[in-house]
Amino acid sequence: MAGIERVPGEAWEDAMGFSRAVAAGERVVVSGGIPFTGGVLQGEGDPYIQAKAAFGNALDGIGELGAGIGSVIRTRMYIAHARDVDEAGRAHKELFDAVRPVGTLVVVSGFIDSRILVEVELEAYRGES
């Protein structure tokens, strides 16, 4: 499709037929990012570390499409337990306090791997400020 750029996924994305990140014009979106690096879960049992790792993966995805943290306009955090709001929120604030994207935080019933506590999504804008 003309004008669409895609960052290929890894195991789960490939198995289900979706991309890790897609840019359509100036808009860049990242699919649900989980806290795995090289197939290894980061921060098992720690929602703060998992949030930082998941956002790091998502930021890598927009980076492959020419966007950076300063171009993030929306974040979404999905957490498995309401008790983890503060720790996931602390990770978000450390990363995005200067950027101040709009954000959503939702408690969900679970993830594809029961060790996952946090999943994130990003949207960014690559145009001029």
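No value in this document is a laboratory result; all are computed from the given coordinates. Here the structure is a predicted model, which means the values were calculated and not measured. Note: ideal-geometry Cβ built from the backbone for every residue, glycine included; neighbour counts use all protein chains shown.
Given +1 at the Cβ of Lys and Arg, -1 at the Cβ of Asp and Glu and no other charges, the dipole of the range 18-129 around its Cα centre is 160 debye to the nearest 20. Over the chain, DSSP H runs of length four or greater, each weighted -39,500 (n - 2.57), average out per residue to a 222 nm ellipticity of -8500 deg cm²/dmol.
Compared with the dominant principal axis of the Cα atoms in the chain, helix 47-63 is inclined by about 10°. Dipole of the chain computed with +1 at Lys/Arg Cβ and -1 at Asp/Glu Cβ about the Cα centre; of V72, I34, I4, farthest Cα towards the positive end is V72. Close amide-amide hydrogen proximity is noted between L105 and M77, each under 5 Å apart and 5 or more residues distant or on a separate chain (H modeled in the peptide plane; Pro and chain starts excluded). Return the single residue from D60, D46, D97 with maximal mean-square fluctuation; model: Gaussian network over the chain, springs between Cα atoms under 10 Å. Fluctuation is largest for D97. For the chain, the longest principal axis of the alpha carbon atoms and the long axis of helix 85-96 meet at an angle near 30°. The length gained by stretching the chain between D97 and I112 to full extension, at 0.36 nm per residue less their Cα-Cα distance, is 2.5 nm. The peptide list 104-117, 31-44, put in order of mean Cβ contacts within 10 Å with the highest first, becomes 31-44, 104-117. Put simply, the amide H of F36, placed in the peptide plane, has neighbours under 5 Å in Q42, leaving out anything fewer than 5 places away on its chain.
How high is the relative contact order of the range 4-125, given as a whole-number percent (alpha carbon pairs under 8 Å, six or more residues apart)?
32 percent
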